[in-house]
Each structure stands twice: as structure tokens, then as C-alpha cells.
Amino acid sequence: MTSARCIYREENDDTRLEIWDEGDLRSLWFDDVILQTQIHLHDPAVLPNPVNRAMLAHLMFEPPLGRVMLAGCGGGAIARWLHARVPDVAGDAVELSDTVARLAREYFDFPPAQHSNWRLLVGDVREHLVHSDARYDFILVDLEEDQSTPTWLTSPGFLTGCRDHLNPQGALTLNLIVEDAAAASDALFAIRSVFGAGTLLLDHPDHDNLLVIAFVADTPPLPGTDRLIHLGQRWGINLQALAKRITRLESAA
């Protein structure tokens with residue numbers, strides 16, 4: 001039987017950060033209630049957090065995966081996982097907090113630049129989009145302020161900036177934390193207005209999160225069962241179960 005132990009604690013005026021080890025798992029917590037990052041200590045190709053796995057549901061469509069951007073790196077579990085599964089992938093992880101970025105490097109095995117194609121950039125993702133000319137195959141936006149999605153994240157300006165930095169076959173996934181149905185409706189309408197090809201909504205029954213997948217090109221059809229099983233084995237993610245939770249949304253009028 002394993003017992004959890006706190007291996008790091010830091011407090012400031014805004015939040016309290018703690019890192020806990022329990023068996024093969026290491027977790028980063030904010031204010032005792034927000035599980036920000038979780039990794040398998042001895043196997044980087046395992047992604048233990050079900051929300052993180054759901055954020056990668058677009059892999060069922062077999063997209064190009066040459067270069068990705070993570071807006072909101074946290075401990076870098078997804079970057080670590082991608083580097084283990086697909087070492088050739090180049091990635092930019094943009095993290096606002098230099099403290100969280102430091103913890104990602106020191107405690108969560110964020111892929112070091114000298115041994116990977118990853119960069120951990122400390123700064124505001126909005127500024128990154130303005131000043132960078134990079135094009136990505138996949139952008140994942142996982143940001144929160146005061147335990148909710150900041151309003152600017154679903155603004156036309158930010159969403160257009162994401163779309164303009166995606167390759168023609170690229171996809172954007174947003175992890176939304178919304179207060180009520182009206183806020184969810186407004187956010188979805190804004191996304192569908194910018195990504196006119198249609199979007200996919202992935203609900204999570206055990207969380208308040210809404211995952212939205214938007215494509216630059218036409219939204220692809222769901223793969224068949226056999227293909228989902230094969231791809232799920234390839235990635236170590238139950239893509240068949242995720243596919244059952246997807247709702248297709250038509251483009252906004």
C-alpha cells in the first residue's frame with residue numbers, strides 16, 4: 001500500500017502550489033483543489049490524467065503532427081508524453097508563470113531543449129501569437145483564471161490568431177471551464193464563428209470542462225470502430241470511448 005507525500009510546497013499572495021508523490025504518480029496541485037498536472041514517474045509514454053487524454057481526442061482523426069503549441073504548459077505532462085511517443089514532434093509550450101515553468105523542468109521532466117525539439121517559453125500566449133510566425137498542426141489551449149476560462153480566450157481576436165497560426169489541416173482544442181449554459185453557448189458560438197468548417201464538442205461527465213475541437217478545413221468524420229481500436233492501442237488512449245462522447249456542431253450562421 002502506497003502513501004502520498006508532499007515533496008514541494010510554495011505559497012505566494014495569489015496561490016499555493018504543492019507537488020505530491022503517490023506510488024508511480026506525481027501531481028501538481030493549486031490551492032489543494034485544482035489538479036494541474038499529473039505524470040507517471042517511470043513511464044513518460046503513459047498519460048494518467050483522463051482530462052489530459054481527452055484533450056488529445058483529435059488524434060483519432062490521424063492528423064499531421066509535425067509541430068504543436070501548448071498554451072498553458074502547467075507541469076508539461078502532455079509535452080513529456082508527446083516527446084516519449086513521437087520524439088520527432090517539435091513543440092512550443094507557452095506558460096505565463098515562470099514558477100510553474102521552473103517546476104515543469106525540475107520536477108516533471110519537461111523535455112530539455114538540448115535533447116528534444118521542445119521549447120518552454122515563459123510569457124503571454126497572446127504576445128506569442130502576435131510576434132511568432134510559426135505554423136502549427138495542433139494548438140491546445142488549456143488556461144484558467146480564478147478557476148474559469150478567461151473571457152479573452154474566446155474573443156474573435158484570439159481565436160483568429162490561433163486559426164492563422166494553424167496549417168491548412170490543423171486543429172485547435174480548447175479546454176473551457178464555464179459557469180453556466182449561457183456562457184457555454186456564447187463561447188461555442190464565438191468559436192464556430194471563427195472556425196466556419198464546424199466544430200466538435202467533447203463532454204466530460206466527471207468534470208465541468210468542455211473540450212472543443214475546431215478544424216481549419218472540413219471537420220472529418222468519426223473513424224470506424226476497428227480504426228479507433230487500432231489508434232487507441234497506438235496512443236495508449238481509449239479513443240473509442242472518447243468518440244462516443246463527441247457531438248458535432250455545425251458552423252455558426
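Computed quantities for the displayed model
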item: Any hit, segment 224-236, residues being part of a loop (DSSP other than H, G, I, E, B) and hydrophobic (A, V, I, L, M, F, W, C); result: no
item: Matching residues, segment 195-217, being closer than 16 Å to GLN169 by Cβ and modelled with pLDDT of 90 or more; result: PHE195, THR199, LEU200, ILE213, ALA214, PHE215, VAL216, ALA217
item: Residue match in segment 1-24 (condition: free of Cβ contacts under 8 Å to residues at least 40 places away in the same chain, more than 30 Å from ASN167 (Cβ to Cβ), open to solvent by 40 Å² or more (accessible area, probe 1.4 Å) and within 20 Å of the chain's Cα centre (by Cα)); result: no
item: Qualifying residue in segment 212-225 (condition: closer than 30 Å to PRO44 by Cβ, in contact (Cβ under 8 Å) with a residue 12 or more places away in the chain and exposed (fewer than 15 other Cβ atoms within 10 Å of the Cβ)); result: yes
item: Candidate set: segment 39-69, residues that are aliphatic (A, V, I, L, M) and open to solvent by 40 Å² or more (accessible area, probe 1.4 Å); chosen: the one farthest from the chain's Cα centre (by Cα); result: LEU41
item: Which numbered condition VAL68 misses (of (1) farther than 29 Å from ALA243 by Cα; (2) outside any loop (DSSP other than H, G, I, E, B)); result: (1)
item: Residue tally, condition in contact with a helix residue (DSSP H, G or I) (Cβ under 8 Å, 6 or more places away or on another chain) and hydroxyl-bearing (Ser, Thr, Tyr), over segment 182-222; result: 2
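The values are calculated or read from the model by the stated rules, or taken from the named source; none is laboratory data. As the structure is a prediction and not an experimental result, all values here were calculated from the model. Glycine also receives a Cβ, built like all others from the backbone with ideal geometry; neighbour counts cover every protein chain displayed. Surface accessibility is based on the protein's heavy atoms, side chains included, excluding ligands, DNA and RNA. Shrake-Rupley method; radii C 1.70, N 1.55, O 1.52, S 1.80 Å.
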